[in-house]
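> Sharing a structure, written as structure tokens. Questions coming.
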Amino acid sequence: MQDKYNHAEVERAAQGHWTANDAYRVTEDASKQKFYACSMLPYPSGKLHMGHVRNYTINDMLTRQLRMKGFNVLMPMGWDAFGLPAENAALKNKVPPAKWTYENIAYMKGQMQAMGLAIDWSREVATCDPEYYKWNQWLFLKMLEKGIAYRKTQVVNWDPVDQTVLANEQVIDGRGWRTGALVEKREIPGYYLAITDYAQELLDHVQIGNEKATLTGWPDKVRLMQENWIGKSAGVRFAFTHDIRGADGQLIQDGRMYVFTTRADTIMGVTFCAVAPEHPLAQHAAQSHPGLAAFIEECKKGGTTEAELAVKEKEGLPTGLFVTHPITGKQVEVWVGNYVLMSYGDGAVMGVPAHDERDFAFALKYQLPIRQVVAVEGETYDATQWHDWYGDKERGITIHSGEFDGMGHKDAVAAVAKVLESKGLGELKTTWRLRDWGISRQRYWGTPIPIIHCEDCGPQPVPEKDLPVVLPQDLVPDGSGNPLVKSEAFHAGVVCPCCGKSARRETDTMDTFVDSSWYFMRYCDAKNSEQMVAGGSDYWMPMDQYIGGIEHAILHLLYARFWTKVMRDMGLVKIDEPFTKLLTQGMVLRGAFSQKAESGAKVYYWEKDVDVIKNENDVVIGGTLKADGSRLDYEMTTMSKSKNNGVDPQDLIEKYGADTARLYTMFTSPPELTLEWNEFAVEGSYRFLRRVYNFGAKLAGAEFDAARAKATARNGVAGVSFGKEAKALRLEIHTVLKQVDYDYQRMQYNTVVSGAMKMINALEDFKALDSEGGREAVVECFGILVRALYPATPHLGHALWSELGYAKAQGDLLDTSWPEVDPQALVQDEIELMLQVNGKLRGSIVVAAGADKATIEAAALANEEYQKFAEGKAPKKIIVVPGRLVNVVV
């Protein structure tokens, strides 16, 4: 064993050993308890970042420790390889997305292997591989047969220059992110998946407090986010009647403008109605109102999601149309509002500004009436300023509401619904915020939707025998739309499967959330070319532990849950939910320097280009740019390439080693909390590992040969006699081991590392090597330390375990049994009690562990410190707190 810690050699040797033994290949084994732990599928963006290192180390620690405890553990890895970033990179670099993607996969895989992760690479998948996305297409066709997949028109963001659909995040201030062209709203056909058919079950399984809930192993905040996204609402759907007729002379929408509300108790406070720009009444009014037509066109430049509209300034124009209040019979003015979505409900809302904050702001802006119809005892209404109690339905009582006066929320809603139902204008109804999942993307780098378009027969599914529809991998996007549209090779020879005539392929590809909605099940049968999933999924699923970022708490998890339920209903899997437990790890933060540009946007600078400014406490508070001396702001924020504050794991591995990178990310913060990057703490982690290695090198000396032979044997230290000092060391190490074992169970890996630090401190402080059993105790306790630390620092663990002879006696560290706490080591012959005189600490006494009260009292009175502070006075009272202290009152 070398005298000094050389991390590069240690890690190279360990990885060579694991590779030679194919150490991480896992097979199904019915004789063992399985544990499936998986990190969320990474996108192959080019390089790992420290967030990846943290995520995968959490998974790796879990995997390695459970394997030592006898579990059959699966830790697979793959690549979320389709998506827009690859197209953008291809556009910039003028290379096919496939080339860019596969090069990135190769590089990132090498980085993962350098980290020493216990990944079963035999199960690797890449979602851009036809052998993978074939099953996306296959299940889509099965959904089409069942009616779960269907085709309808959708409103999209259209870039007229690039001739392509843009995601909402690609629309910046109403313009295309790349071309700067004004974005248009267009209605085009696309494919949808009926996730709303599963809304109730999706809600039941996740909802906090629901007796049907099964996802109790998820963080409450994630469960609540899912519940809110699904958004079940009980309320009243009713109609405002009208006699507005279209150009054909027919009543528009049969003379009824429907709305849905959860606040039917406020119906008497309606002072206006607002409709979406696409609503038939808005379209009708625009035909004779040029200003309104222009406003509607302007609305088309915005986003199409609730989230975008929530932060957008509320704007509107009156239509000049009126509808009739269903109870009072009064006329209510109809406005077009940019905050109303046609895709939600019926595309119209009732405006009750007195009791809805959004309507309140709208009414103030356009000087619309505000009519209070709900009061709260002790509160005074002010129509010039919003207060939260205006929307309080728990304490609110109806007023100025005629026959509904004096009612609480629930009673008023029921009464209003009854009246509306008697008029044939409304009914109690449950609605959902959740909408069916639109999966069509007018982009190239994704799973081709397996549809053939025939002029005579319409859209036809690709026959199953012709799957997969293979995506050409040599196309290079040029910014002028989806290259599949112009690819003759993609369309060549396509005939209608129904009539046999020449036809054309669908050029839309699937949303990449499809790829990530079931990859975890494909890991179970990764190389099965005949079935989407098979016996492997029966063995491994559901997943026992899923690990990933909170940013995926809604859509990815929701779609994965939906996809699983569809597969269950088709008889492909036997589970209801895919993920039993979920850990959302915290972000990695680091300081960033920035200044505002003239445009108002932040421009970030690398620290190497900055003269750092610190305060009197040596805390960074800002900086100046070396180039021109301009002042820079400083903030602690997430690591990212865009903020020029990232740390390349490869640089860290080369300088300090993978074990240091792993240890640092585990020690600095609990897994679920944010981690603030600290260069000095990284160096501290390295120094700790060097201490551990150096202590191991000390044990490799010849003076420890006999002790190693005894303490590394399979039966441990059986038959070794320990003296007082050795017993004290074993007590301390086994006590820490007990806590470490508990910390592993709850995945608090920061305190696991703290425990390892306590162990090395105890070992270094032990000075009684020549005492009875001293050397044997040290070798035994160091073996416990190596195993306790090994899941975090596997390379160092492998080196020490092998070089010191533990492996020869107890087997490869990978499969060595997890150290068990020795009950005998926790038995104390003597205990130390704090000594107080008149309640003040004056020293301590040591007594036999089983000493009775009289013996303890005698020891206290005989103690020199007591005699000094008692000044010859006789004790009035002696108080003994067993196991803790003795207090003598004089």
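The values are calculated or read from the model by the stated rules, or taken from the named source; none is laboratory data. Just so you know, these numbers come straight off a predicted model, no measurement behind them. All Cβ positions, glycine included, derive from the backbone under ideal geometry; neighbour counts span all protein chains shown.
> For PRO823, all conditions in the list (1) over 42 Å from the mean Cα position of the chain (by Cα); (2) under 30 Å from VAL880 (Cβ atoms); (3) surrounded by fewer than 21 Cβ atoms within 10 Å (Cβ to Cβ) hold save one; what is the number of the exception?
Exception for PRO823: condition (1).
> Looking only at the range 127-142, decide whether some residue is closer than 30 Å to GLY426 by Cα and surrounded by fewer than 20 Cβ atoms within 10 Å (Cβ to Cβ).
no
> Okay, next question. For the range 697-713, state whether one or more residues are under 42 Å from the mean Cα position of the chain (by Cα) and in a helix (DSSP H, G or I).
yes
> Looking only at residues that are in contact with a strand residue (DSSP E or B) (Cβ under 7 Å, 6 or more places away or on another chain) and surrounded by fewer than 22 Cβ atoms within 10 Å (Cβ to Cβ) in the range 42-65, which one is modelled with the lowest pLDDT?
Restricting to residues being in contact with a strand residue (DSSP E or B) (Cβ under 7 Å, 6 or more places away or on another chain) and surrounded by fewer than 22 Cβ atoms within 10 Å (Cβ to Cβ), the top hit is GLY51.
> Given the options LYS146, LYS185, LYS152, name the one that is surrounded by fewer than 16 Cβ atoms within 10 Å (Cβ to Cβ), touching a helix residue (DSSP H, G or I) at 6+ places or on another chain (Cβ under 9 Å), among the basic types (Lys, Arg) and not assigned by TED's automatic domain parsing to the domain that holds VAL566. Break it down into steps so the answer makes sense when it comes.
Values: LYS185 fails: surrounded by fewer than 16 Cβ atoms within 10 Å (Cβ to Cβ); LYS152 fails: touching a helix residue (DSSP H, G or I) at 6+ places or on another chain (Cβ under 9 Å).
The match here is LYS146.
> Only one of VAL340, VAL349, VAL374, VAL334 is in contact with a Cys (Cβ under 6 Å, 6 or more places away or on another chain) and crowded, with 22+ Cβ neighbours inside 10 Å; which?
Working: VAL340 fails: in contact with a Cys (Cβ under 6 Å, 6 or more places away or on another chain); VAL349 fails: in contact with a Cys (Cβ under 6 Å, 6 or more places away or on another chain); VAL374 fails: in contact with a Cys (Cβ under 6 Å, 6 or more places away or on another chain).
The match here is VAL334.
> Also: Of all residues in the range 68-86, which are surrounded by fewer than 23 Cβ atoms within 10 Å (Cβ to Cβ) and in a helix (DSSP H, G or I)?
Within the range 68-86, MET68, LEU84, PRO85 qualify.
> Exactly one condition in (1) in a loop (DSSP other than H, G, I, E, B); (2) surrounded by 17 or more Cβ atoms within 10 Å (Cβ to Cβ); (3) hydrophobic (A, V, I, L, M, F, W, C) is not met by ALA247; state its number.
With (1) in a loop (DSSP other than H, G, I, E, B); (2) surrounded by 17 or more Cβ atoms within 10 Å (Cβ to Cβ); (3) hydrophobic (A, V, I, L, M, F, W, C) applied to ALA247, the lone miss is (2).
> Related question: Among the residues of the range 497-505, is there at least one that is buried (at least 18 other Cβ atoms within 10 Å of the Cβ) and among the aliphatic types (A, V, I, L, M)?
Yes: the range 497-505 contains one or more residues that are buried (at least 18 other Cβ atoms within 10 Å of the Cβ) and among the aliphatic types (A, V, I, L, M).
> While we're looking at this one, here's another question. Report, ordered by the first and then the second residue, all pairs with beta carbons closer than 8 Å, sequence separation of six or more or different chains, a first member in the range 287-313 that is within 29 Å of GLY438 (Cα to Cα), and a second member that is at pLDDT below 90 and assigned to a helix (DSSP H, G or I).
Within 8 Å, the pairs are GLY302/GLU308; GLY302/LEU309; GLY303/ASN168; GLY303/LEU309; THR304/ASN168; THR305/ASN168; GLU308/ASN168.
> Could I ask something else about it? So GLY696 fits all but one of (1) in contact with a Leu (Cβ under 8 Å, 6 or more places away or on another chain); (2) under 30 Å from GLN545 (Cβ atoms); what number is the exception?
(2)
> Which of the residues spanning the range 221-271 are over 30 Å from ALA194 (Cα atoms) and of a type in the set (Asp, Glu)?
Of everything in the range 221-271, those that are over 30 Å from ALA194 (Cα atoms) and of a type in the set (Asp, Glu) turn out to be ASP243, ASP248, ASP265.
> Is it the case, given these coordinates, that SER599 is surrounded by fewer than 15 Cβ atoms within 10 Å (Cβ to Cβ), more than 29 Å from ILE439 (Cβ to Cβ) and not assigned by TED's automatic domain parsing to the domain that holds THR668?
Spelling it out, SER599 is indeed surrounded by fewer than 15 Cβ atoms within 10 Å (Cβ to Cβ), more than 29 Å from ILE439 (Cβ to Cβ) and not assigned by TED's automatic domain parsing to the domain that holds THR668.
> Sort out which residues of the range 306-364 are modelled with pLDDT of 95 or more, out of contact with any Lys or Arg (no Cβ under 7 Å at 6 or more places or on another chain) and of a type in the set (Phe, Trp, Tyr), and write them in order of number.
PHE322, TRP335, PHE360
> If you don't mind, another one. List the number of the failed condition for MET636; all other conditions in (1) of a type in the set (A, V, I, L, M, F, W, C); (2) under 19 Å from TYR107 (Cβ atoms); (3) surrounded by fewer than 16 Cβ atoms within 10 Å (Cβ to Cβ) hold.
(2)
Yes or no, residue by residue, for (1) touching a Gly at 6+ places or on another chain (Cβ under 6 Å); (2) of a type in the set (A, V, I, L, M, F, W, C); (3) outside any helix (DSSP H, G or I); (4) in the same structural domain as HIS289 (by TED's automatic domain parsing):
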{"site": "TYR344", "(1), (2), (3), (4)": "no, no, yes, yes"}
{"site": "VAL349", "(1), (2), (3), (4)": "no, yes, yes, yes"}
{"site": "HIS355", "(1), (2), (3), (4)": "yes, no, yes, yes"}
{"site": "ARG358", "(1), (2), (3), (4)": "no, no, no, yes"}
{"site": "PHE362", "(1), (2), (3), (4)": "no, yes, no, yes"}
{"site": "PRO369", "(1), (2), (3), (4)": "no, no, yes, yes"}
{"site": "GLU379", "(1), (2), (3), (4)": "no, no, yes, yes"}
{"site": "ALA383", "(1), (2), (3), (4)": "no, yes, yes, yes"}
{"site": "TRP386", "(1), (2), (3), (4)": "no, yes, yes, yes"}
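> Quick one: what pairs do we get from the range 647-663, first residue modelled with pLDDT of 95 or more, second not in a helix (DSSP H, G or I), C-beta under 6 Å, 6+ apart or different chains?
ALA658/MET115; ALA658/GLY116; ASP659/THR793; ARG662/ALA792; LEU663/ALA792; LEU663/THR793
> Hey, another quick one. Search the range 213-233 for residues that are assigned to a loop (DSSP other than H, G, I, E, B) and pair each with any residue that is among the charged types (D, E, K, R) when their beta-carbon atoms are under 6 Å apart and the residues are at least 6 apart or on different chains.
Partner pairs satisfying both residue conditions: THR214/GLU577; GLY231/ARG433.
> Go through GLU683, GLU676, GLU672 for me and flag whichever is touching a Leu at 6+ places or on another chain (Cβ under 6 Å) and assigned by TED's automatic domain parsing to the domain that holds ASN761.
The match here is GLU676.
> Pull out all pairs, ordered by first then second residue, where Cβ-Cβ is under 6 Å, the residues are six or more apart or on different chains, the first lies in the range 822-839 and is among the β-branched types (Val, Ile, Thr), and the second is surrounded by fewer than 20 Cβ atoms within 10 Å (Cβ to Cβ).
Close Cβ pairs satisfying both conditions: ILE831/ALA849; VAL837/PHE869.
> Out of (1) surrounded by fewer than 15 Cβ atoms within 10 Å (Cβ to Cβ); (2) part of a helix (DSSP H, G or I), the odd one out for TYR198 is which?
TYR198 satisfies all of (1) surrounded by fewer than 15 Cβ atoms within 10 Å (Cβ to Cβ); (2) part of a helix (DSSP H, G or I) except (1).
> Only one of SER480, SER502, SER529 is more than 18 Å from TYR191 (Cβ to Cβ) and free of Cβ contacts under 8 Å to residues at least 40 places away in the same chain. Can you tell me which?
Values: SER480 fails: free of Cβ contacts under 8 Å to residues at least 40 places away in the same chain; SER529 fails: free of Cβ contacts under 8 Å to residues at least 40 places away in the same chain.
Result: SER502 is the single residue among SER480, SER502, SER529 that is more than 18 Å from TYR191 (Cβ to Cβ) and free of Cβ contacts under 8 Å to residues at least 40 places away in the same chain.
> Would you mind finding the one in LYS643, LYS626 that is at pLDDT below 95, among the basic types (Lys, Arg) and not assigned by TED's automatic domain parsing to the domain that holds MET115?
So the residue among LYS643, LYS626 that is at pLDDT below 95, among the basic types (Lys, Arg) and not assigned by TED's automatic domain parsing to the domain that holds MET115 is LYS643.
> Within the range 631-675, track down each residue that is part of a loop (DSSP other than H, G, I, E, B) and hydrophobic (A, V, I, L, M, F, W, C).
The answer is MET639, VAL647, LEU673.
> Looking at ALA30, is it outside any helix (DSSP H, G or I), more than 30 Å from the chain's Cα centre (by Cα) and not aromatic (Phe, Trp, Tyr)?
Working: outside any helix (DSSP H, G or I): yes; more than 30 Å from the chain's Cα centre (by Cα): yes; not aromatic (Phe, Trp, Tyr): yes.
For ALA30, the condition - outside any helix (DSSP H, G or I), more than 30 Å from the chain's Cα centre (by Cα) and not aromatic (Phe, Trp, Tyr) - is met.
> Are there any pairs, at least 6 apart or on different chains, whose C-beta atoms fall under 6 Å, with the first in the range 91-120 and outside the structural domain of ASP478 (by TED's automatic domain parsing) and the second basic (Lys, Arg) and surrounded by fewer than 19 Cβ atoms within 10 Å (Cβ to Cβ), and if so, which?
Pairs that qualify, where the first residue is outside the structural domain of ASP478 (by TED's automatic domain parsing) and the partner is basic (Lys, Arg) and surrounded by fewer than 19 Cβ atoms within 10 Å (Cβ to Cβ), are ASP120/ARG25.
> Any residue in the range 627-636 that is over 26 Å from VAL752 (Cα atoms), under 22 Å from the mean Cα position of the chain (by Cα) and not acidic (Asp, Glu)? Show your work before the answer.
Here is the first cut: in the range 627-636, the residues over 26 Å from VAL752 (Cα atoms) are 627-636.
Checking which are under 22 Å from the mean Cα position of the chain (by Cα) leaves us with 636.
Subsequent filtering for residues that are not acidic (Asp, Glu) retains 636.
Yes - at least one qualifying residue is present in the range 627-636.
> Let me ask something else. Output the residues belonging to the range 340-386 that are in contact with a helix residue (DSSP H, G or I) (Cβ under 6 Å, 6 or more places away or on another chain) and within 30 Å of THR153 (Cα to Cα).
Answer for the range 340-386, where residues must be in contact with a helix residue (DSSP H, G or I) (Cβ under 6 Å, 6 or more places away or on another chain) and within 30 Å of THR153 (Cα to Cα): just GLY351.
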